[in-house]
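Below is one structure, written out as structure tokens, with a few remarks after it.
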Amino acid sequence: MSAAKIVLSGEDSLQVQFEQEICPEVNRQVTRFAQLFAQFSKDIPEIKEIVPTYCAVTVYFDDENIQSQLVKKIAEEVLDRLSEDKENSSAESKTIKIPVCYEDKDFAPDLVNVIEHAGLTEKQVIELHSSKPYLIYMMGFLPGFPYLGGMDAKLETPRLKTPRTKIPAGSVAIGGKQTGLYSVESPGGWQIIGRTPLKVFDLNRNPTFVYKAGDKIQFVPVTKEEYDHFDENQWLKENGFLETGSSVSSIYNTQDKNRFACGSGIEIIDGGFNTTVQDDGIKGFQKYGIGQSGVMDKISFDLANRICGNAENKPCLETTLGGPEIRFTLPCDFAITGAVLKNATLNNVPIQMNKKIHAEKNAVLKCGFATKGLHSYIAFTGGILLPPVFGSCSTNLKSKMGGLCGRKLCAKDQLAIGYVNEKPAEVNAGTKELNPFFTEQKELLELECVKSSQSDLFTTDAVNKFSAQVYTVAPDSDRMGIRFSGESLNCGSTDIISDAIPFGSVQITSSGLPVVMAADRQTTGGYAKIACVTKKSMCVLAQAVPGTKVKFKFI
């Protein structure tokens, strides 16, 4: 086995890098390392997640309760064991046979393109594509999206010149040298050659996923009639996901069996520009391509809950630029933190930020636009009641998952507020509890960061230039990534073999400019990461409107 390298990739993550080559041998090492690390750390609750990718394994940990050096020591012990270990991940992998209908034109609109480019018949293309299993190197990009290897070179076909805005879930496609399977509806530029009737990712089903990294997928051609009469429940039983006589259950019935008591409620009159339900995000599912989501500014989120007397991580509303208009359907206490809503009123009477406010039944809260900052947080005593998805009520707009139906709030939406047994103590925010963005009057935001996974791929001049120059927050920034304008680092190609993306990672794109990956980032990506912004500085950056000047500072 070739030597592996251990590097920090953020405050709360480290990465074990194997030989940077996409091949089954390296990926077997990756998969086996992830298995062994899980065994070594099973009694260490501070180890939060292990994410295998093509050529690396990223380990996420609770940096407040365990030192990175201890996590590194465990990784070194696992590598020693791996060098002695004669087993490999194939012992625990499965081959998943997935039915695909290639013959329907609606299911395979681009099959003719592959036929023409390959110079083969339709039958030959289908036979080649379904002739052998494909290794799942990793999962990422979308929930349940498998990165497959092993496609016959004869089928290699360039991507579409104009990507589609909507590709149906279940579509089987070819993009260049790769073949893949769209687990959810998504934009994309791959050539669509078929569709499976199987829901490979289904939030309303337990099991949610039918494969994992290290497994293999074999596509099995079926007719349109077989597609139309496909019995998913029977398929799950035949493939060992359900015991004989059992039936599919919903993930919502297995994740949180507590019954909620509703103490209050709200109705949305106007949802504002972009108001969503958020909490601290989904933890532990990035290896399946499930993004973390969650609040952008955790300092303001935590403060709002404390003011309301809530336990940690109670779901609240996150606003962007301006807040919603809300009617209280029952009496309720609430608080607004984060971006300053100077013109916020309750029944047309001005209210204060960072203070608990009482609203009677039918009272109307109008938030208006932010006069400083970008994201506000509206917490309610008792918290918002919604069924958790993967243990979180956060909204992921890209995946249309979590929160209220996976979308931003609209007029006429209604939300229940929890019941509190005891009256919470009166809490008012002091200056020291606020996000530094609102307490430190600076024209230039200084963002603290640490080195990340690919810092050593950049020249000393590029790193010095990155930390020396002033960037400007760009208008196309969003919850996925914060973009900047400025002088290019001119460091040439920054493409890497895709690996995990921690929160706050600073990717350098082909333009030579940084993108800081935020709450709704995808779990994996193929741009080199020069740094990772600290969690505290990410809260500051979350409040930076387009045009804000920033500078990165290594600590």
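All of the numbers you see were taken from the coordinates with simple rules; none came from a lab. Since the model is a prediction, treat every value here as computed from it, not as a measurement. Here Cβ is always computed from backbone atoms with ideal geometry, including for glycine, and neighbour counts include all displayed protein chains.
Charges were assigned to the Cβ only: +1 to each Lys and Arg, -1 to each Asp and Glu. The resulting dipole of the chain about its Cα centre is roughly 1000 debye. Among the listed pairs LYS432/LYS549; LYS42/LYS132; LYS342/LYS549; LYS42/LYS535, those whose Cα-Cα separation exceeds 28 Å are LYS42/LYS132.
Along the axis of the charge dipole computed for the range 336-448 (Cβ charges of +1 for Lys and Arg, -1 for Asp and Glu, origin at the Cα centre), the listed residues ALA339, ILE378, LEU409 are led at the positive end by LEU409.
Amide H contacts for THR157 (H built 1.01 Å from N in the peptide plane; partners 5 or more residues away or on another chain; cut-off under 5 Å): GLY176. The residue among VAL516, SER300, ASN362 whose Cα reaches farthest toward the positive pole of the charge dipole of the chain, with charges on the beta-carbon of Lys, Arg, Asp and Glu, is ASN362.
Computed from phi, the 3J(HN,Hα) profile of the range 515-523 under the Karplus parametrisation 6.51, -1.76, 1.60 (θ = phi - 60°) reads 10, 8, 7, 10, 4, 8, 4, 6, 6 Hz, with x in place of Gly and Pro.
Computing FRET efficiency as 1/(1 + (r/R0)^6) for ASP85 and CYS410, where r is the C-beta to C-beta distance and R0 is 41 Å, gives about 0.15.
Coupling constants for the range 401-414 follow from the phi torsions by the Karplus curve (6.51 cos²θ - 1.76 cosθ + 1.60, θ = phi - 60°), and in residue order they are 9, x, x, 9, 6, x, 9, 6, 6, 10, 4, 6, 5, 10 Hz; glycine and proline get x. For the peptides 473-480, 130-137, the ranking by mean Cβ contacts within 10 Å, running from highest to lowest, is 130-137, 473-480. Ordering VAL16, PRO52, SER83 by the projection of their Cα atoms onto the charge dipole of the range 1-133, which places +1 on the Cβ of Lys and Arg and -1 on the Cβ of Asp and Glu, puts SER83 at the extreme positive end.
Pairs exceeding 25 Å between alpha-carbon atoms, taken from LYS123/LYS224; LYS298/LYS529; LYS283/LYS451; LYS73/LYS398; LYS166/LYS451: LYS73/LYS398; LYS166/LYS451. Ranked by the mean number of other Cβ atoms within 10 Å of their residues, highest first, the peptides 151-157, 375-381, 123-129 come out as 375-381, 123-129, 151-157. Restricting the calculation to Cα atoms, the range 61-152 shows an Rg/Rh of 1.19 when the hydrodynamic-style radius is the Kirkwood one. Against the chain, whose longest principal axis comes from its Cα atoms, helix 24-40 is set at around 50 degrees.
Rounding to the nearest 10 and keeping the result within 0 to 90°, find how far the Cα-based axis of helix 298-307 lies from the longest principal axis of the chain. Compared with the principal axis, the helix lies near 50 degrees. Note on the range 270-413: Cα Rg divided by 2.2 N^0.38 Å, N the number of residues, gives 0.99.
Once the Cα atoms of helix 68-84 and of the chain are each reduced to a long axis, what angle between those two axes, in degrees from 0 to 90 to the nearest 10, is obtained? On a 0 to 90 degree scale, this one is about 10. Each residue of the range 176-192 was assigned a 3J(HN,Hα) from its phi angle through the Karplus curve 6.51 cos²θ - 1.76 cosθ + 1.60 (θ = phi - 60°); the sequence is x, 8, 10, 10, x, 9, 6, 7, 9, 4, 7, x, x, x, 7, 7, 7 Hz, with glycine and proline shown as x.
Over the chain, all Cα pairs binned in 20 Å intervals from 0 give whole-percent P(r) values of 20, 50, 28, 2, listed from short to long.
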